[in-house]
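The values are calculated or read from the model by the stated rules, or taken from the named source; none is laboratory data. Small disclaimer: the values here were computed from a predicted structure and weren't measured. Neighbour counts are summed over all protein chains in view; Cβ atoms, including those assigned to glycine, are modelled from backbone coordinates with ideal geometry.
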Amino acid sequence: MYIVRYILSSQTMQMQNFEELKKLLSQSKRIVLLPHRNPDGDAIGSTLAMSHYLTKKGHECEIIAPNDFPKFLKWMDGAKRISIAEYNPGKSRILIEKAELIFILDFNSISRIDEVGDWLQRSTVPKIMIDHHQEPEQFDFMYSDVSIPATCQMVYNFIEAMGDMELLDKTISECIYTGIMTDTGNFRFRNTSASTHRVVAELLERGIEIDKIYNQVFDTQSPNRLKMLGLALDSLEAFPQHRSACMFLTREQQFEYGSQKGDTEGFVNYGLGISDFVFSVIFIEDQQNDFIKISFRSKGSFDVNAFARKHFNGGGHINAAGGRSELNMEETLQKFRELLDIYKEELQAVQI
Ligand SMILES: [Mn+2]
């Protein structure tokens, strides 16, 4: 009965030597799966979904995240078993040394996984990268497609291409849905395609409860998070001429409200809620290190991936990217204001 569905929802998955990989996966292997640093819904969703799938195929799977991830992702089945390299580097290193295959999901550059990247480079086993970010590095097996809104959608395509749709159960479907929901901004970013919705239709048929998933991810905020959002919004500086807004949070403010990992997630999007604005940025002082983390969001053709790469040592997607600044907050804000002037015409030309 899955044959018809296979044709219905199939998107071409392009991976060189896919048949070779299929052969590798036909016998039980010790497999390590890696998400990127500061894993988000798509990173955790895709590694968990792939791990559940590969486990069902008879493999032994371990997920190693470079650092911890927010509580609103820990409800997913298997999330609590993810090894955090930051807390337990010895165990994580040994798992990588013992792995016979390594999956790299939702990132494409070794620099995005800190110390784990060094262990990865020392490993000579085949590496499979599945990711939707731009400018991938080279890996043994690569499925890279920047037109797909979430790596989780690519994991679905991978399972389908493997001919294993009968293994796609409710648990795997929940993980895939979480990644697609979060990476598409609840199905509203432009690259959310008909295929995305076809995939989601299949997930719904596996019994996922979308209201529960939404509640777990979005309606579990702490009062302190909302108060911090208040501070961030209060710092908002609007540049109507540049159709841009920026906000910031200091280390002290985060400390005062006992900021937890993930607490500031999504704040940046509020700037895009201003009428006609196309570019929003939030500057957040890192709580441990002496730098400022930056999130960039845009609408339409304004490419924040290019902006972040060029000026703030970062990158990402055309409408969502991250970066960092080693300057202090006032200097960083000043640098940003000056940059806005350089981009004024480009910002004014954006069609929304
Ligand atoms: Mn992603």
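Got a sec? Which of Asn191, Asn224 is part of a loop (DSSP other than H, G, I, E, B), surrounded by 15 or more Cβ atoms within 10 Å (Cβ to Cβ) and not β-branched (Val, Ile, Thr)? Steps first, answer last, please.
Numbers: Asn224 fails: part of a loop (DSSP other than H, G, I, E, B).
Going through Asn191, Asn224 in turn, just one is part of a loop (DSSP other than H, G, I, E, B), surrounded by 15 or more Cβ atoms within 10 Å (Cβ to Cβ) and not β-branched (Val, Ile, Thr): Asn191.
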Exactly one of Ile159, Ile172, Ile176, Ile208 is surrounded by 13 or more Cβ atoms within 10 Å (Cβ to Cβ), closer than 21 Å to Thr47 by Cβ, in contact with a Ser or Thr (Cβ under 7 Å, 6 or more places away or on another chain) and among the aliphatic types (A, V, I, L, M), and that residue is Ile208
When residues of segment 115-142 are limited to those that are away from the ligand (no atom under 16 Å from the Cβ) and assigned to a loop (DSSP other than H, G, I, E, B), the one surrounded by the fewest Cβ atoms within 10 Å (Cβ to Cβ) = Thr124
Of (1) more than 19 Å from the chain's Cα centre (by Cα); (2) surrounded by fewer than 20 Cβ atoms within 10 Å (Cβ to Cβ); (3) free of Cβ contacts under 8 Å to residues at least 40 places away in the same chain, Asp164 satisfies every one except (3)
Selection from segment 268-299 of residues in contact (Cβ under 8 Å) with a residue 12 or more places away in the chain, closer than 22 Å to Glu330 by Cα and loosely packed, with under 14 Cβ neighbours inside 10 Å yields Asp286, Gln287, Asp290
So Thr124 fits all but one of (1) in contact with an Asp or Glu (Cβ under 9 Å, 6 or more places away or on another chain); (2) modelled with pLDDT of 95 or more; (3) more than 12 Å from Ile64 (Cβ to Cβ); (4) of a type in the set (Val, Ile, Thr); what number is the exception?
-> (1)
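When you check Asp140 against the structure, is it closer than 24 Å to Thr178 by Cβ and out of contact with any Ser or Thr (no Cβ under 8 Å at 6 or more places or on another chain), yes or no?
Numbers: closer than 24 Å to Thr178 by Cβ: no; out of contact with any Ser or Thr (no Cβ under 8 Å at 6 or more places or on another chain): yes.
It is false that Asp140 is closer than 24 Å to Thr178 by Cβ and out of contact with any Ser or Thr (no Cβ under 8 Å at 6 or more places or on another chain).
Does Ser147 satisfy the criteria of being of a type in the set (Ser, Thr, Tyr), out of contact with any Ser or Thr (no Cβ under 6 Å at 6 or more places or on another chain) and either under 21 Å from Thr12 (Cβ atoms) or not assigned by TED's automatic domain parsing to the domain that holds Phe302 (or both)?
Yes, satisfied.
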Consider Ala238 against the criteria (1) closer than 30 Å to Gln260 by Cα; (2) surrounded by fewer than 21 Cβ atoms within 10 Å (Cβ to Cβ); (3) within 16 Å of the ligand (Cβ to nearest atom): it satisfies all of them except one. Which criterion is unmet?
-> (3)
